[in-house]
Structures are given as structure tokens and as C-alpha cells.
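Worksheet for the structure shown next.
FYI, it's all coordinate maths here, none of it is from the lab. Note that the coordinates shown come from a computational prediction; the quantities given were computed from them, not determined experimentally. Virtual Cβ from ideal backbone geometry, glycine too; neighbours counted across all protein chains shown.
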Amino acid sequence: MEERTEKKCKDSLVFKTARVFPLDTNNHNTLFGGKLMSYIDDVASISAAKHSRGEVVTASIDSVDFLIPIRQSDSVNLSSYVSYVGRSSMEVFVKVIAEDLKTGERKLAATSFLTFVALDDQGKPMLVPKVIPESQEEISLYNTAQQRIIQRKERREHSQSFATVVTL
């Protein structure tokens with residue numbers, strides 16, 4: 001039986017800050033959702049790689065909840081970390097904060113959960129370290145992970161069933 005190491009959630013913590021430029025905006029002059037989703041996948045993949053210290057692939061983007069629009073006068077601040085692990089899979093939580101660059105006011109703009117699988121040098125799923133939550137936020141996410149796992153499984157089964165009737 002393989003021995004599993006342990007890592008704290010904060011060991012996989014990643015930050016990214018970007019300005020919102022005119023080319024990043026949609027017809028409402030707010031950050032284009034696809035641009036934000038790219039940022040989210042980027043930071044989450046780095047968190048997963050830091051936790052596993054292996055190659056990782058995005059298995060699912062479970063949710064992206066856009067809470068408020070991010071304006072062109074804002075910066076967008078993302079933070080991500082591994083919040084729960086399975087055997088080779090890792091749930092990554094991403095928090096997005098919009099900061100008004102003139103006033104300094106910060107607001108939670110979006111949250112997201114993604115799942116990554118760690119791969120060894122042969123491209124096969126590999127065992128990842130257990131995760132140790134410490135902060136109140138980390139503990140809360142860790143303790144509610146089983147509910148999200150059930151939802152992911154149900155959604156995947158629904159998608160596989162639905163795929164049998166989708167025409168190509």
C-alpha cells in the first residue's frame with residue numbers, strides 16, 4: 001500500500017491580478033466571462049500542479065458563479081487552492097475579487113470549483129497528497145466537499161446519458 005503525504009491547502013495557494021482593459025470587455029463594458037474563465041482555469045491548474053507536483057489535466061469545471069460584474073475601472077484578483085482530494089483527483093476552489101482601482105473597494109465577484117487529475121510520467125493517474133485544511137474557509141469547503149462530489153457524479157452520469165441522444 002502506498003504511503004500518502006499530506007500538504008496544507010495554503011501550500012497550493014496561487015494569486016493572479018490583472019487589469020481590465022478595453023479588449024477584455026464585452027458589450028456591457030464589463031470583463032468578458034470567457035476571459036475570466038481562462039484566468040480561473042489558469043490559476044486552478046497551477047494550484048493543482050503545486051499540490052501534486054505532477055502534470056495535471058482539467059477534469060471538470062464544476063461551476064463558475066458570476067456574482068457581480070467586473071468593470072473596466074477594476075482590477076481582477078484571483079486566488080486558488082486545493083480544497084479537497086480523492087486518490088488522483090483534486091478539487092480546486094477559486095475566489096475572484098474585483099477591486100475598484102480609484103476607491104480601493106473590494107467585492108467578491110465570482111467563485112468557482114474545478115476538478116483536476118494528476119498524471120504521472122506515463123500519463124496515468126497518480127496518487128496525490130492528502131490535504132489539510134486550516135482556516136475557517138478551508139475547513140468549511142473541506143467539510144462540504146462530499147456534497148459536491150455527489151453532484152459531480154450525478155452531473156457526469158447525466159452528461160453521459162445525454163450524449164447518447166445528441167446528434168453529431
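Were the residues from Q122 through L101 laid out at 0.36 nm apart, the gain over their Cα-Cα distance would be 3.0 nm. Neighbours of S79 by Cβ distance under 9 Å: Lys/Arg scored +1, Asp/Glu scored -1, total +2.
For the chain, the longest piece that avoids every one of the GluC sites (Glu not before Pro) found in DSSP loops with at most 12 other C-beta atoms within 10 Å covers 4-104. Between H28 and N143, the contour length at 0.36 nm per residue exceeds the Cα-Cα span by 37.6 nm. Under a model in which nothing but the beta-carbon of Lys, Arg (+1) and Asp, Glu (-1) is charged, the range 6-163 shows a dipole of about 60 debye around its Cα centre. Between exposed trypsin sites (Lys or Arg not before Pro) in the chain, where DSSP calls loop and at most 15 other Cβ atoms lie within 10 Å, what's the longest gap? It works out to 103-168. For the range 6-163, the alpha carbon convex hull comes to 131 Å³ per residue, rounded to a whole number. Bridging of K107 to lysines at a Cα separation below 17 Å is possible for K16, K95, once same-chain residues fewer than 8 apart are set aside. Other residues lying with their Cβ under 10 Å from the Cβ of L114 contribute a combined charge of -3, Lys and Arg counting +1, Asp and Glu -1.
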